[in-house]
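Read through the structure below, which is laid out as structure tokens, and then see the notes.
The values are calculated or read from the model by the stated rules, or taken from the named source; none is laboratory data. Since this is a predicted model, take the numbers as computed values, not measurements. Virtual Cβ from ideal backbone geometry, glycine too; neighbours counted across all protein chains shown.
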Amino acid sequence: MLERQTAASNFGFRVYQTCASGPVAALVPSAMKFSRPAIFAAIFLTIAGGTFFWMRPEAPLSPELATPELALTYLETIPPTKGKTLFFTTAATAFLPGSPETLAKQALQYEAVMLDPKAWRALDRKERFDALWLMGSPTGFRPLLDHLRQSADWRLTYLDPTSLIFRRAPAEEWTVKSLETLKNTFAAHPTAEQVTMRVQTAHRLVAIGELNSAKAFLDEAIALDSRSSPAWTELTSLHATQGQWDKALEASQHAIKYGKNYAPALAARANALFAQGKFNDALQLTRRLVAEAPNDGPNLYLHAKVTHAARAYKEEIETLRKIIEMAETRSMPTGTWRIFLAQAYGATGEAEPALEQFEEALKDPGLSAKEREFATKGMDRIRSREPIL
């Protein structure tokens, strides 16, 4: 069993920890910690399609929420050094001037380095960015976001419901005082939009570690509309971030009560149930998620870890094969996923497929030394027992 854990998850708990059983599983090496958890999770989370915002409810009418109008206005105030070079996420491409084809190609290049701060630094030395516009779900750019927050030469200078913007030091840094200005901007908007603004802003506040401010925003959102499933869902995520699983489960009950088919609510509750060891209950929810959105990256990732924990290995195999297929279409590494798939085959006693997946995994040049050692030992043990299988 290879221990699987991720820092890229919004909920921050350990995943893929239950041990497999079966004649082939007994031949798998002892557990080890995964050496690059944030990268492995983020690589696949970027595959997810759909909406721009992870917790986004139905699109509001005002341009301040339906589009990144506020962020674009702020970007226009940034003085260029040599032509204003902007780093941006895929979600931002629809709102930038220029050829859609060129922007899409550029976004794919940027998407790759968001997962590797060293690669991003190399690109920055070449391009000399004036600003970084991080729009969309923070899970897709978590490694870069964490790096920037710890960097001495970059400052978070802007935050709104759709975006995070960084500029080079010594630019004036964003502070929580700016949240009052943001609330004033929406003061005359309909109540539903004021709730949406607070939910989406809270999601970004959690991403940068401003948990107290996020909680205050969510309390205000629920006070404005106690039946808001997105608000209760985001509150579930906030409690989960802090390891407050009882509170997370309680909030998720409200989220599902007011949004029985709201996918983020189902996912948030499944995560909370998983964290408390209620794997079969979580499995019932993740099955619903993948049935409704079979090509959604985060749903598949969640379902994979839950099926493993619930020992539903046949479902885990199907899910991991789907993940690998999707990753290959984006020319993304699959070695780590193939190691997990080999373990799942081992749990069902299928030696040949397990051996095949270990072999394929070793072709991935990005595997860490520990992963490579793990796969090699797995192959050796399976081969040593081939005559009696």
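Identify the single condition in (1) under 23 Å from Gln200 (Cα atoms); (2) at pLDDT 90 or above; (3) surrounded by 11 or more Cβ atoms within 10 Å (Cβ to Cβ) that Ala104 does not satisfy, given that it satisfies every other one.
Result: Ala104 fails condition (1) only.
Count, please, the residues in segment 350-376 that happen to be more than 29 Å from Ala119 (Cα to Cα) and surrounded by fewer than 16 Cβ atoms within 10 Å (Cβ to Cβ).
Selection size over segment 350-376: 1.
Return the pair list, or none, for Cβ contacts closer than 8 Å from residues in segment 264-286 that are more than 17 Å from Ala251 (Cα to Cα) and in the same structural domain as Lys305 (by TED's automatic domain parsing) to residues that are assigned to a helix (DSSP H, G or I) and small (Gly, Ala, Ser), at least 6 apart or on different chains.
Listed pairs, sorted by first residue: Phe279/Ala309; Thr286/Ala267; Thr286/Ala270.
What residue, among those in segment 90-101 that are touching a helix residue (DSSP H, G or I) at 6+ places or on another chain (Cβ under 9 Å) and assigned to a helix (DSSP H, G or I), is surrounded by the most Cβ atoms within 10 Å (Cβ to Cβ)?
Filtering segment 90-101 for residues that are touching a helix residue (DSSP H, G or I) at 6+ places or on another chain (Cβ under 9 Å) and assigned to a helix (DSSP H, G or I), the one surrounded by the most Cβ atoms within 10 Å (Cβ to Cβ) comes out as Ala92.
May I ask you to verify whether Phe217 is closer than 30 Å to His147 by Cβ and more than 17 Å from the chain's Cα centre (by Cα)?
Working: closer than 30 Å to His147 by Cβ: yes; more than 17 Å from the chain's Cα centre (by Cα): yes.
When the stated conditions are applied, Phe217 passes them.
Looking at (1) over 19 Å from Leu266 (Cβ atoms); (2) in the same structural domain as Gln276 (by TED's automatic domain parsing); (3) surrounded by 19 or more Cβ atoms within 10 Å (Cβ to Cβ), which one does Arg204 not meet, given that it meets all the others?
Here Arg204 meets the rest and fails (2).
What are the pairs, 6+ residues apart or on separate chains, where a residue within segment 191-212 that is more than 17 Å from Lys177 (Cα to Cα) has its Cβ under 6 Å from a residue that is acidic (Asp, Glu) and outside any helix (DSSP H, G or I)?
What qualifies is Val195/Asp225.
Given the condition over 14 Å from His203 (Cβ atoms), touching a residue at least 12 places away in the same chain (Cβ under 8 Å) and polar (S, T, N, Q), answer yes or no: does some residue in segment 230-237 qualify?
No, segment 230-237 has no match at all.
How many residues are crowded, with 20+ Cβ neighbours inside 10 Å and among the β-branched types (Val, Ile, Thr) if we restrict to segment 158-178?
Here the count works out to 2.
Would you confirm whether or not segment 315-335 contains a residue that is at pLDDT 95 or above, over 30 Å from Tyr110 (Cβ atoms) and among the hydroxyl-bearing types (Ser, Thr, Tyr)?
Looking for residues that are at pLDDT 95 or above, over 30 Å from Tyr110 (Cβ atoms) and among the hydroxyl-bearing types (Ser, Thr, Tyr), one finds none in segment 315-335, hence no.
So, in segment 311-338, exactly how many residues are farther than 15 Å from Ala361 by Cβ, of a type in the set (Ser, Thr, Tyr) and part of a helix (DSSP H, G or I)?
Here the count works out to 3.
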